[in-house]
1. Kindly provide the set of residues from region 14-25 that are open to solvent by 70 Å² or more (accessible area, probe 1.4 Å) and either part of a loop (DSSP other than H, G, I, E, B) or under 30 Å from R77 (Cβ atoms) (or both), ordered by number.
2. Considering only residues that are more than 16 Å from the chain's Cα centre (by Cα) and either open to solvent by less than 70 Å² (accessible area, probe 1.4 Å) or among the acidic types (D, E) (or both), which ones fall in region 27-55?
Amino acid sequence: MAYKIDNAIVKKDRTGKLTLIDPEGHFQDEDAFIAIKSDDLITIQLLINSILNNDFKSWRELGVIPDSEPVKTLLPRLGYSREDIAKLLKGF
């Protein structure tokens, strides 16, 4: 079961004007948006999918994670290899 977060692109031009690029129309009736870097969004989606597929034992074994550590390091710390991450990415 793959979990997908609805997303669109917020593009900023040279003058600072923001444009919402939302070809699927997920946000046509929304008044407020949150911007997240693309690679962070993908990481969040992968983490959600790994949580859904994990028995949580690995999560408990992580212990305390420093606030300064990027969220991207969680998947390797959970024991996911590049091949595992590639399989998760194919679910999108």
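The values are calculated or read from the model by the stated rules, or taken from the named source; none is laboratory data. All values derive from a computational prediction rather than experimental measurement. Neighbour counts are summed over all protein chains in view; Cβ atoms, including those assigned to glycine, are modelled from backbone coordinates with ideal geometry. Each accessible area value is taken on the protein alone, full model and side chains, heavy atoms only, with ligands, DNA and RNA left out. Shrake-Rupley method; radii C 1.70, N 1.55, O 1.52, S 1.80 Å.
1. R14, T15, K17, P23, E24
2. Once the filter is applied, which keeps residues that are more than 16 Å from the chain's Cα centre (by Cα) and either open to solvent by less than 70 Å² (accessible area, probe 1.4 Å) or among the acidic types (D, E) (or both), region 27-55 yields F27, D29, E30, D31, N54, D55.
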